[in-house]
Amino acid sequence: MSYHRLSHLDWLESESIHIMREVASECRNPVLLFSGGKDSIVMLRLAEKAFRPGKFPFPMLHIDTGHNFPEVIKFRDHRAAQLREELIVRTVQDSIDQGKIKVKNLDQGRNQMQTVTLLDAIREFGFDACFGGARRDEEKARAKERIFSFRDEFGQWDPKNQRPELWNLYNTRVNPGEHMRVFPISNWTELDIWQYIAQESLEVPSLYFAHERKVVQRGAQWLPVSSLVQPASGEIVERRSVRFRTVGDMSCTCPVESTAVTIGDIIRETRATTITERGATRMDDRTSEASMELRKREGYF
């Protein structure tokens, strides 16, 4: 008797597809949050496997801070056109112009501001489930999230009041105005993501590969010099070979020193690193021990 032995990526893929199909069958109006980053790229591939040859039973939504890396915005639009799927874009700048967000200056980091725009978009379209590409290994607040994470009528999360998830049984019930955040790749690691990208030959933005870039050192991190980040007094601009492990707001997303120019190189680097992805790259996560959890309680991704 012959049998096919599943790899660990096969098991993860199977679980994620099951979760996506569960949402499509149980929820009235889901949406997939797509940023153009590696995790949401994997989410799109999983959606293709779950629903092709038909159309996705949900649109994609991007909350554009206006501070995203141009390479990522270009990739986002290219990928949406390639898939021929609906992409909804809502911008933090519109929320600022409408007076819903107050800013001290135009260069101020906008990661936290996305919460207002995201919750407005969820209300505008009446979404009752939002697929997110968050993983438990990224950061300790994300490790607390269940796969189906309930949000109340204000879009807020209570980590001490989550619904039990027994085996693969999920409770998708929500009242009007409430919604679920759903994380099909919650059980994946950063290494799994890169191994899957290699297995599926997925295209990713060029920022993920090592390239020379102007940077300044602040504390233990390198900040990319741009129109939003200029060297402070005493800081020295250097050209270094770097790559990005995440692709968020330009004002607070830091690259790491690297020579990885292929997916295989990135997999080897990821195996060797001892620093978590967000711990190595996000200045906004370092403002306090609970910065991510506080943002998530308010409705952040």
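The values are calculated or read from the model by the stated rules, or taken from the named source; none is laboratory data. No experiment lies behind these values; they were computed from the predicted model shown. All Cβ positions, even for glycine, are placed from backbone atoms using ideal geometry, and neighbour counts span all protein chains on display. Quick note on the areas: whole protein, heavy atoms, side chains included, nothing else; ligands and nucleic acids left out. Shrake-Rupley method; radii C 1.70, N 1.55, O 1.52, S 1.80 Å.
Can you find a residue that is charged (D, E, K, R) and under 15 Å from the mean Cα position of the chain (by Cα) anywhere in segment 147-170?
If we filter segment 147-170 for residues that are charged (D, E, K, R), which is where we start, we get 151-153, 158, 160, 163, 165.
Applying the additional criterion that residues be under 15 Å from the mean Cα position of the chain (by Cα) yields none.
There is no residue in segment 147-170 that is charged (D, E, K, R) and under 15 Å from the mean Cα position of the chain (by Cα).
Cβ-Cβ under 6 Å, sequence separation 6+ or interchain: first residue in segment 60-76 and among the aliphatic types (A, V, I, L, M), partner open to solvent by 40 Å² or more (accessible area, probe 1.4 Å) and at pLDDT 95 or above. Which pairs?
Met60/Leu87; Ile63/Arg90
Can we say Pro205 is free of Cβ contacts under 8 Å to residues at least 40 places away in the same chain, of a type outside the set (A, V, I, L, M, F, W, C) and closer than 26 Å to Val89 by Cβ?
Values: free of Cβ contacts under 8 Å to residues at least 40 places away in the same chain: no; of a type outside the set (A, V, I, L, M, F, W, C): yes; closer than 26 Å to Val89 by Cβ: yes.
It is false that Pro205 is free of Cβ contacts under 8 Å to residues at least 40 places away in the same chain, of a type outside the set (A, V, I, L, M, F, W, C) and closer than 26 Å to Val89 by Cβ.
Every residue, every condition in (1) aliphatic (A, V, I, L, M); (2) out of contact with any Ser or Thr (no Cβ under 8 Å at 6 or more places or on another chain), yes or no:
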site: Tyr208; (1), (2): no, yes
site: Val215; (1), (2): yes, yes
site: Gly219; (1), (2): no, yes
site: Pro231; (1), (2): no, yes
site: Glu238; (1), (2): no, yes
site: Phe244; (1), (2): no, no
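Is there any pair with a first residue in segment 179-190 that is farther than 17 Å from Arg21 by Cβ and a second that is of a type in the set (Asp, Glu) whose Cβ atoms are under 6 Å apart and which are 6 or more apart or on different chains, and what are they?
His179/Asp128; Thr189/Asp137; Glu190/Glu277
Counting only residues that are in a loop (DSSP other than H, G, I, E, B) and under 18 Å from Arg173 (Cβ atoms), which one in segment 1-30 is least open to solvent (accessible area, probe 1.4 Å)? Spell out how you get there, then give the answer.
First, the residues of segment 1-30 that are in a loop (DSSP other than H, G, I, E, B): 1-7, 27-29.
Okay, now just the ones that are also under 18 Å from Arg173 (Cβ atoms), so 27-29.
Working: Cys27: 14, Arg28: 175, Asn29: 41 Å².
Out of the qualifying residues, it is Cys27.
Among the residues of segment 201-220 satisfying the criterion of being buried (at least 16 other Cβ atoms within 10 Å of the Cβ) and part of a helix (DSSP H, G or I), which is modelled with the highest pLDDT?
Tyr208
Could you run through segment 31-57 and say how many residues are assigned to a loop (DSSP other than H, G, I, E, B), touching a residue at least 12 places away in the same chain (Cβ under 8 Å), over 22 Å from Val229 (Cβ atoms) and open to solvent by 10 Å² or more (accessible area, probe 1.4 Å)?
Quick first cut of segment 31-57, residues assigned to a loop (DSSP other than H, G, I, E, B) only: 34-37, 52-57.
Filter again for touching a residue at least 12 places away in the same chain (Cβ under 8 Å), leaving 34-37, 55-57.
Remaining after also requiring over 22 Å from Val229 (Cβ atoms): 34, 55-57.
Keeping just the survivors that are open to solvent by 10 Å² or more (accessible area, probe 1.4 Å) gives 55-57.
The number of residues fulfilling the criteria is 3.
Taking segment 119-139, which residues are farther than 17 Å from Gly37 by Cα and not basic (Lys, Arg)?
As a first pass, look at segment 119-139 and keep what is farther than 17 Å from Gly37 by Cα: 119-129.
Leu119, Asp120, Ala121, Ile122, Glu124, Phe125, Gly126, Phe127, Asp128, Ala129, listed by residue number.
In segment 249-263, which residues are open to solvent by 30 Å² or more (accessible area, probe 1.4 Å) and either part of a helix (DSSP H, G or I) or in contact with an Asp or Glu (Cβ under 8 Å, 6 or more places away or on another chain) (or both)?
Thr259, Ile263
Sort out which residues of segment 235-248 are in contact with a Phe, Trp or Tyr (Cβ under 7 Å, 6 or more places away or on another chain) and not in a loop (DSSP other than H, G, I, E, B), and write them in order of number.
We begin by selecting, within segment 235-248, every residue in contact with a Phe, Trp or Tyr (Cβ under 7 Å, 6 or more places away or on another chain); these are 240, 242-244, 247.
Passing the criteria: Arg240, Val242, Arg243.
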